[in-house]
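Q: A single structure is presented below for examination.
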Amino acid sequence: MKKYKIAVIAGDGIGPEVIGEGVRVLERVAELDGGFGFEFTHFPWGCEYYLETGKMMPDDAIATLSEFDAIYLGAVGYPGVPDHISLWDLLLKIRHEFDQYVNVRPVKLLKGAPCPLKGVAPGEIDMIVIRENSEGEYAGAGDWLYRGQPNEVVLQTGVFSRKGTERIIRYAFELARKEGKTLTSISKGNALNYSMVFWDSVFAEVGKEYPDVKCASYLVDAASMFFVKDPGRFEVVVTSNLFGDILTDLGAAITGGMGLAAGANLNPERRFPSMFEPIHGSAPDIAGRGIADPLASIWSASQMLDFFGHECWGERLIGAIEQLMVEAKALPSDLGGTSSTHEVGDAIIAILEKYR
Ligand code: NAD
Ligand code: IPM
Ligand code: MN
């Protein structure tokens, strides 16, 4: 029987609370299926580990993780450790070292999810945002000159390589073709006169190979406006690292909130493990109270099942999340309920029992 080896990095704040539920759900899915299993290995890395050891993870962490089929990550970052250290030495390091250059973020309004937009029905927001995840504005390139002096200068360089730009755009075209959906590129060629002019030209160039895919291209400011005014116009979306980061929090806001938003960091060639995570952070404001919403983590578990080829279970998990919200008997507090993180996990598992 196939046993998937999963490295669990629950991380900080609400990370362990929500990931605990995702692990329980995955274990139950494997039992119900009977044809595959999971072997979870927990790594205690994160900000507490940093305060004890001076490192977010050990020096050989990347070698250790490379032996796994996937990484399941909660959240990283906590007051007491500067965010640029905690994130660069763990989350961003893993994304970069494992060349997880595709970040797949579904922005989908499920039945029962609260939507702050007027007159938008479930199903009317149904996007897949493909965020470039390896370079762009988050390449970590730059300099800090004359620190603390009156002539101080900082440079944060956006890095857009031909390889990096082409492969993410091609991935999005392939996905749009496979799903029979439109593809929208979001960029900013009017002001970013090198990087985004280049991005737009690569989009046009690659697009010639996909005459069957209907395309659109928006400036990011206008796209943000349309995310709110007319989100139905977007199906598959491809965009740069920074724009994708910001737009998917906006996407979360219009489809039920951060407690529901999931993301998959993929190395499509499968040379390295891919990583699955809720896109929210460690939520220090509610950490330790057992009230965090685990649905984003469970949604990202469904992305993991899809990636392993168990799309049927991936869909069933989304169905279970939807049923939970429609029934509204075991809702977490961010969705207006009073159920604890653990009770929401229990309720999802109870819904899955119909597949016994
Ligand atoms: P955040 O996502 O942690 O929280 C934003 C707001 O959303 C908070 O009010 C929080 O309570 C709420 N929220 C988030 N997830 C929730 C959930 N599952 N259930 C209920 N409410 C939820 O963002 P932030 O406050 O900007 O960042 C906090 C820390 O997390 C920082 O250190 C930041 O760098 C880090 N961070 C990490 C990741 C990651 O690990 N992937 C992502 C974003 C932020
Ligand atoms: C996300 C997060 C990270 C990102 C941060 C924590 C570095 O906000 O996954 O969206 O910007 O990629
Ligand atoms: Mn983000």
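The values are calculated or read from the model by the stated rules, or taken from the named source; none is laboratory data. Here the structure is a predicted model, which means the values were calculated and not measured. As a convention, Cβ positions derive from the backbone with ideal geometry for all residues, glycine included, and neighbour counts pool all protein chains shown. The area values use the complete protein model at the heavy-atom level, side chains included, leaving out ligands, DNA and RNA. Shrake-Rupley method; radii C 1.70, N 1.55, O 1.52, S 1.80 Å.
Q: Determine if region 72-85 includes at least one residue that is charged (D, E, K, R) and part of a strand (DSSP E or B).
A: Checked against the condition, which is being charged (D, E, K, R) and part of a strand (DSSP E or B), region 72-85 yields no hits at all.
Q: Going through region 268-284 one residue at a time, which ones are within 16 Å of ligand 2 (Cβ to nearest atom) and assigned to a loop (DSSP other than H, G, I, E, B)?
A: ILE279, HIS280, GLY281, SER282, ALA283, PRO284, listed by residue number.
Q: Only one of these is under 20 Å from THR165 (Cβ atoms), open to solvent by less than 20 Å² (accessible area, probe 1.4 Å) and in contact (Cβ under 8 Å) with a residue 40 or more places away in the chain: THR255, THR239. Name it.
A: THR239
Q: Now a separate question. Can you find even one residue in region 60-71 that is open to solvent by less than 50 Å² (accessible area, probe 1.4 Å), in a strand (DSSP E or B) and closer than 20 Å to ILE349 by Cβ?
A: So far as region 60-71 goes, no, none of its residues is open to solvent by less than 50 Å² (accessible area, probe 1.4 Å), in a strand (DSSP E or B) and closer than 20 Å to ILE349 by Cβ.
Q: Out of all the residues in region 144-169, which are assigned to a strand (DSSP E or B) and either open to solvent by 80 Å² or more (accessible area, probe 1.4 Å) or without any contact (Cβ under 8 Å) to a residue 24 or more places away in the chain (or both)?
A: TRP144, LEU145, VAL153, VAL154, LEU155, GLN156, THR157
Q: Next question. Could you look through region 286-301, keep only residues that are assigned to a loop (DSSP other than H, G, I, E, B) and more than 16 Å from ligand 2 (Cβ to nearest atom), and pick out the one that is most open to solvent (accessible area, probe 1.4 Å)?
A: Result: ARG289.
Q: Take the residues in region 72-118 that are open to solvent by less than 20 Å² (accessible area, probe 1.4 Å) and aromatic (Phe, Trp, Tyr), then tell me which one is nearest to ligand 1 (Cβ to nearest atom).
A: TYR72
Q: Being touching a residue at least 40 places away in the same chain (Cβ under 8 Å) and part of a helix (DSSP H, G or I) is the filter; apply it to region 170-192 and report the residue that is most open to solvent (accessible area, probe 1.4 Å).
A: GLU179
Q: What is the number of the single condition among (1) away from ligand 2 (no atom under 16 Å from the Cβ); (2) crowded, with 22+ Cβ neighbours inside 10 Å; (3) farther than 25 Å from GLY337 by Cα; (4) of a type outside the set (Asp, Glu) that HIS310 does not meet?
A: All conditions are met except number (2).
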